[in-house]
1. Scan around I135 for amide H atoms under 5 Å from its own, H built in the peptide plane at 1.01 Å from N, and keep only partners 5 or more places away or cross-chain.
2. Describe numerically, in nm with one decimal, the distance between label points set 7 Å from Cα along Cα→Cβ at K254 and at Q121.
3. Starting from the Cα of N189, step 7 Å toward the Cβ, then list every residue of the stretch 4-21 with an amide N under 19 Å from that point.
4. Enumerate the whole-percent occupancy of each 5 Å bin, from 0 to the last occupied one, for all C-alpha pair distances of the stretch 128-255.
5. For the stretch 115-128, just list the computed ³J(HN,Hα) in residue order, Karplus coefficients 6.51, -1.76 and 1.60, θ = phi - 60°, integers in Hz, with x standing in for Gly and Pro.
6. Which length gain, in nm to one decimal place, applies between E110 and D77 when the Cα-Cα distance is subtracted from 0.36 nm times their residue separation?
7. So what is the 222 nm mean residue ellipticity for the chain from helices alone, if each DSSP H run of at least 4 adds -39500 (n - 2.57) and you divide by all residues, rounding to the nearest 500 deg cm²/dmol?
8. Only counting other Cβ atoms within 10 Å, I'd like E221, E182, E170 sorted with the fewest neighbours first.
Amino acid sequence: MSNRVAIITGASSGFGLLTSVELAKEGFTVIATMRDLSKQSIFQSYIDDKEVYDRIHFHRLDVTDEASVESLSSYIDTLDRVDVLLNNAGFAAGGFSEEITLDEYRKQFETNVFGLIAVTQAVLPKMRTQGYGKILNMSSISGKFGFPGMSPYVASKHAVEGFSESLRLEMKPYGVDVAIIEPGSFRTNIWTNGKQVTEASLLKTSPYYDYMQSIHHYMQEQKDTYGDPIVVARLVATLAKQKELKKFRFPIGKGIHLMLRLKTLLPWRWLEALVLKQIK
């Protein structure tokens, strides 16, 4: 593997799958990691060129399992180089804060935050020693902008933002770049699994039931405006090829820049009124 090497977590679907394909097309050797290796067959639907397909190496990884991360770390030791890590594995949990159990919050953070940190720690010794590398953390507009009914996900992405800021400052003197991708709403499966919403907030007996239904209705109405995830995959591929990442944050998606601008300019009471008006 003398050519450039990229490791991607959560590669069985969405941004991870598409980015794996894009990087392989660009000549990278891609270590596509996923919890269930049976899902690797989906790649055949996205790649016609055998040479491109052969650049993708599949590796089982559960970012929340210490032994699984240790296995990845041992595998990394056998590689000549690691140029890019895309921390993409994650899921979205929702519901209303009063009704979400602490265990549900912990589960969200185990994957989106601690799993991301664990994989990063597995890669850092290689990148620091070789004196180059890029760590790209998949955050979200939710890491900058809260939304009702999504506090576990929003909180986890805020944590990713803070960790990434510190990590970038730590690794810059060692030639390792760190950056955050902040997608808005795209057509991925992150919000399609109803089990991700705490059961209590889905019950008609919940005091938040009507509010939850309004949020669900709003999200359903917005589905047609969600972006094509290939746009995010191509952004990651572009960043992976750059010699140096001079920027740290890369927001992407319809209306994202306007939302971030409004949060900077508007008083909070105006901003929250705009958000609540859209939902109700």
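Values quoted throughout were computed directly from the atomic coordinates according to the rules given, and no laboratory measurement underlies them. Keep in mind that this is a model prediction, so the values were computed, not measured. No Cβ is skipped: glycine too gets one built from the backbone with ideal geometry, and neighbour counts run over all protein chains shown.
1. HN-HN under 5 Å from I135: L85, D177, V178, A179.
2. 4.1
3. Residues 8-21 qualify, since their backbone N sits under 19 Å from the label point.
4. Bins of 5 Å from zero give 2, 9, 16, 19, 17, 12, 9, 6, 4, 2, 1, 0 percent of pairs.
5. So the Karplus estimates, Gly and Pro as x, are x, 4, 5, 4, 5, 4, 4, 5, 8, 4, x, 5, 5, 4 Hz.
6. Details: separation 33, 0.36 × 33 = 11.88 nm, distance 2.45 nm.
That works out to 9.4 nm of additional length.
7. Values: 10 runs with 120 residues, N = 280.
Helices in the chain give a 222 nm mean residue ellipticity of -13500 deg cm²/dmol.
8. Values: E221 10, E182 24, E170 13.
Fewest to most other Cβ atoms nearby, the residues stand as E221, E170, E182.
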